[in-house]
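The block underneath contains the structure these notes are about, expressed in structure tokens.
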Amino acid sequence: RNAVSVTSISELLYADRVVFVEGASDVKALEVLTEGVTWDGASIRFEPLRSPDNIDQQPFINALRAVSRGFRTGPGTQPVLLLDADKGAKIDEVAEKSGFLVHMVGVNGHDMESMFADVAFLKAYFGTNHVVNDASIESVVKDILPPAKQPKSKPEKASQRLRELHDKLLPNKLPGGKSALLEALATFHQSPAWKTPLEGVQKLIDKLKGKS
């Protein structure tokens, strides 16, 4: 099976730069977060992977190499693999073997949703629906912000903790799964109701623009 979900790998070559992400929910969120961002006249395309948990396996690496060879090698054109930071040690191995730039996204070894684990942001997000529960919000953020890789433990993903918080404070307000949650958080982040980019989001944009 193809490592990517496009009908034909040749479709990717119409973009100046392609950014592979772990799933369709990440694509939608990134499209929201990067709306209005200029890429120095270049076109950028976000593309979901089929099996992100297999990124360190040889067939997957071979597929990435094939895509990498199809792109120009100048600055700003090398394809990018954007992975949740909880992929850990796999990231360096994939970067070395694939010819891709590999970036981590997430706070302290967590998934993409952890970028939104900010007390002020979540208070504003839930406050737009006239619901604020400081104790619940601060408890979830406290769980997410410490490093994810704790000895002899496997903490819940930020996406799971934030979804539980959403279901508690705004039951029946968020149909769908991970995709709906991530898109809702990204959309609020870009709305006039939130003025200052979160540090994790700004770092992500800077990475995509080649600033870090």
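Here are the numbers:
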{"read-out": "Residues located in segment 126-142, provided they are more than 10 Å from Leu165 (Cβ to Cβ) and either open to solvent by 50 Å² or more (accessible area, probe 1.4 Å) or not in a loop (DSSP other than H, G, I, E, B) (or both)", "value": "Gly127, Thr128, Asn129, His130, Val132, Asp134, Ala135, Glu138, Lys142"}
{"read-out": "Residue within segment 2-9 that is polar (S, T, N, Q) and at pLDDT 60 or above present", "value": "no"}
{"read-out": "Members of segment 31-74 found to be closer than 16 Å to Met112 by Cα and either among the charged types (D, E, K, R) or modelled with pLDDT of 75 or more (or both), listed by number", "value": "Glu31, Val32, Leu33, Thr34, Phe46, Glu47, Pro48, Leu49, Asp53"}
{"read-out": "Any chance Lys28 is at pLDDT 75 or above, over 17 Å from Lys207 (Cβ atoms) and in contact with an Asp or Glu (Cβ under 6 Å, 6 or more places away or on another chain)", "value": "yes"}
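Condition check ((1) modelled with pLDDT of 85 or more; (2) out of contact with any helix residue (DSSP H, G or I) (no Cβ under 6 Å at 6 or more places or on another chain)) across all residues:
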{"residue": "Leu122", "(1), (2)": "yes, no"}
{"residue": "Phe126", "(1), (2)": "yes, no"}
{"residue": "Lys149", "(1), (2)": "no, yes"}
{"residue": "Pro155", "(1), (2)": "no, yes"}
{"residue": "Ala158", "(1), (2)": "no, no"}
{"residue": "Lys173", "(1), (2)": "no, yes"}
{"residue": "Ser179", "(1), (2)": "no, no"}
{"residue": "Phe188", "(1), (2)": "yes, no"}
{"residue": "Glu199", "(1), (2)": "yes, yes"}
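The values are calculated or read from the model by the stated rules, or taken from the named source; none is laboratory data. What you see is a predicted model; the values in this text were computed from it and never measured. Every residue, glycine among them, receives a Cβ derived from its backbone with ideal geometry; neighbour counts consider all protein chains shown. SASA here: full protein model, heavy atoms, side chains in, ligands and nucleic acids out. Shrake-Rupley method; radii C 1.70, N 1.55, O 1.52, S 1.80 Å.
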